[in-house]
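Peer 1: To start, I am sharing the structure in question, which I have written as structure tokens.
The values are calculated or read from the model by the stated rules, or taken from the named source; none is laboratory data. These numbers come from a predicted model, not from an experiment. Quick reminder, even Gly has a Cβ in these numbers, built from the backbone with ideal geometry, and neighbours come from all protein chains shown. For the accessible areas, the whole protein counts, side chains as well, though only heavy atoms, and no ligand, DNA or RNA atoms are used. Shrake-Rupley method; radii C 1.70, N 1.55, O 1.52, S 1.80 Å.
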Amino acid sequence: MQPYSIPRPLAPIPRPLAFVAALIALQLTACSQPKPLTVFENDKGSLLQFDNGKLIQFKENPSPQYRHIPCDLPAVETVVTNSSAFAALTPSGEVITWGDSYAGGDSREVTQQLKQVKQIVPVKDGFAALRQDGTVVYWGNAGKFSLDKALQERMTNITKLFANQEAIAALDANGKVHTWGYGPYGGNSLHVQDQLVDVVDIFARGRSFVALKKEGSAVIWGQVEGSTNMKKLLPQLKDVVQIEYFQNTYAALKKDGTVVSWGWRSDAYPIRSALKDVASITANNCAFAILSPKGDAHFWGDGINCGVDWIKKTDITGVKEIISIGSGFLLLRDKTVPQIVADDTDYAYMFGFHYAQAILDKYWQEGSVITRGPASFVFTRPDGKVVPVGYRANRENVEQLIARIPRLTWLGRGDEGYVGISEKSEWVSWSMDLAMFDKSPVQPADSLVIKPLDFSPAAQCETPEQRQAILSKERPQRKVTWSFD
């Protein structure tokens with residue numbers, strides 16, 4: 001029998017040491033708290049990812065044949081979304097899907113192929129995955145996005161995938177490009193196939209692609225605005241370093257500081273001389289902004305939806321940086337309040353930023369950090385105060401919101417508003433989306449939610465038993481309905 005001794009009571013910890021111990025415990029607790037990284041959203045749901053790979057689902061709008069997020073979802077590396085489905089990539093390279101079954105939320109036919117995946121790209125109703133071995137897998141809408149089996153077998157040395165709205169381009173190790181998807185949007189590249197060699201990068205937005213070649217030239221295919229003179233345009237696209245895009249309109253900044261524009265609202269004739277000496281270019285929802293090395297700013301684009309007056313301004317100087325915000329731009333200068341340029345006519349009361357400059361003038365502090373939303377922005381001051389600036393928002397209500405938002409340790413943008421984590425590790429969110437024709441919209445201050453952070457599974461999630469039952473049945477066929485009203 002082993003001897004047993006009664007432990008002696010521990011001596012009390014001196015106060016200074018107790019304070020240090022408590023501080024260390026507090027720091028360890030803080031370090032153990034997962035940190036938020038990114039918001040992922042589409043038409044059917046919203047997720048917040050943390051650095052431990054966990055996801056919190058904070059919005060869901062399921063449709064028929066919708067598969068819910070798995071209750072047993074493991075830690076994920078990243079999430080890719082299309083219009084109505086999600087594809088999560090795990091650290092081991094496996095892909096887990098949910099959402100609209102017809103848009104890639106159900107990947108049962110390719111589950112065994114979705115291993116050792118290193119990249120996923122979305123199109124409107126599907127996904128394409130690139131595997132470590134250079135092969136490609138597609139799933140989702142089996143109509144215009146279908147990947148031909150013969151093409152899939154030929155693509156054996158792919159290095160990167162690119163996707164626009166409805167087509168996909170795969171770049172292989174030899175600089176060749178392979179495409180599929182909706183033909184008019186670039187899925188069919190036969191007419192330029194002999195030019196798609198020695199490609200080093202591809203720009204994919206809207207309804208077309210731009211391939212940049214090793215020797216500096218460019219190739220464009222897909223749907224380009226009919227008024228664009230391609231024979232005149234292409235010789236100008238040499239040594240492109242940056243491409244920006246809005247509403248089927250493109251602008252390219254070249255190595256020599258000149259800009260070339262093409263597409264729907266590409267007419268930059270009034271500022272043509274300014275396009276010869278450009279340091280940077282930025283796009284918002286409806287216009288481009290260029291900045292010269294001297295700090296002169298110029299704009300062009302959709303004067304109807306952006307506002308004609310400010311787009312025509314040519315006397316803006318001393319600008320250090322331009323930030324796009326919805327249908328306007330923020331102009332940053334040294335040691336002064338940012339200037340917002342947006343529609344300030346009567347039209348703005350339906351579409352523009354209300355009282356934005358007044359809020360900036362009242363609340364801005366030097367060193368504030370700007371977080372951009374799709375049609376609004378937030379600046380977080382050095383003293384911790386969070387100040388949202390809304391689109392079609394009532395100033396009085398926004399100031400109520402400013403007073404109620406607690407100090408945040410993290411802030412991210414969503415499609416309708418913002419998500420943050422408070423210093424007390426609380427969930428904080430609010431909406432800045434005021435629908436134009438909504439007779440009684442929820443004002444920003446009234447949409448504020450503050451609640452404990454909860455990592456438990458979503459209220460509606462797919463259990464392993466439900467998953468097994470779904471997969472044991474034949475996939476339901478999409479019902480096509482015709483209306484002649």
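Peer 1: For segment 166-183, which residues satisfy the criterion of being open to solvent by 40 Å² or more (accessible area, probe 1.4 Å) and at pLDDT 95 or above?
Peer 2: Ala173, Asn174, Lys176
Peer 1: Further question: State which residue is modelled with the highest pLDDT when the search covers only segment 264-316 and only residues that are crowded, with 17+ Cβ neighbours inside 10 Å and acidic (Asp, Glu).
Peer 2: Step by step, filter segment 264-316, then rank; the result is Asp296.
Peer 1: Quickly run through segment 31-74 and pick out the residues that are under 21 Å from Gly373 (Cα atoms), charged (D, E, K, R) and part of a loop (DSSP other than H, G, I, E, B).
Peer 2: Lys35, Asp43, Lys44
Peer 1: Among (1) in contact with a Ser or Thr (Cβ under 9 Å, 6 or more places away or on another chain); (2) on the phi < 0 side of the Ramachandran plot, where does Lys214 come up short?
Peer 2: So the condition that Lys214 fails would be (1).
Peer 1: When the residues of segment 397-448 are narrowed to those that are part of a strand (DSSP E or B) and among the hydrophobic types (A, V, I, L, M, F, W, C), which ends up modelled with the lowest pLDDT?
Peer 2: Here the answer is Trp430.
Peer 1: So, one more: So Ala268 clears everything in (1) over 30 Å from Ser208 (Cβ atoms); (2) in contact with a Ser or Thr (Cβ under 6 Å, 6 or more places away or on another chain); (3) among the aliphatic types (A, V, I, L, M) except one condition, right? Which one?
Peer 2: (1)
Peer 1: Next question. Pairs under 7 Å by beta carbon, first residue without any contact (Cβ under 8 Å) to a residue 60 or more places away in the chain in segment 193-204, partner open to solvent by less than 40 Å² (accessible area, probe 1.4 Å) and of a type in the set (Ser, Thr, Tyr), six or more apart or different chains?
Peer 2: Between residues of segment 193-204 that are without any contact (Cβ under 8 Å) to a residue 60 or more places away in the chain and residues that are open to solvent by less than 40 Å² (accessible area, probe 1.4 Å) and of a type in the set (Ser, Thr, Tyr), the close pairs are Leu196/Ser189.
Peer 1: Looking only at strands (runs of 3 or more DSSP E) that lie completely in segment 84-173, which have at least 2 residues being closer than 20 Å to Leu196 by Cα and over 20 Å from the mean Cα position of the chain (by Cα)?
Peer 2: Here the list reads 158-163, 167-172.
Peer 1: What number of residues within segment 442-480 satisfy the criterion of being over 26 Å from the mean Cα position of the chain (by Cα), free of Cβ contacts under 8 Å to residues at least 40 places away in the same chain and open to solvent by less than 60 Å² (accessible area, probe 1.4 Å)?
Peer 2: 1
Peer 1: Same structure again: Quickly run through segment 135-161 and pick out the residues that are of a type outside the set (Gly, Ala, Ser), farther than 23 Å from Ser101 by Cα and open to solvent by 10 Å² or more (accessible area, probe 1.4 Å).
Peer 2: Listed by number, the residues that qualify are Thr135, Leu151, Glu153, Arg154, Thr156, Asn157, Thr159, Lys160.
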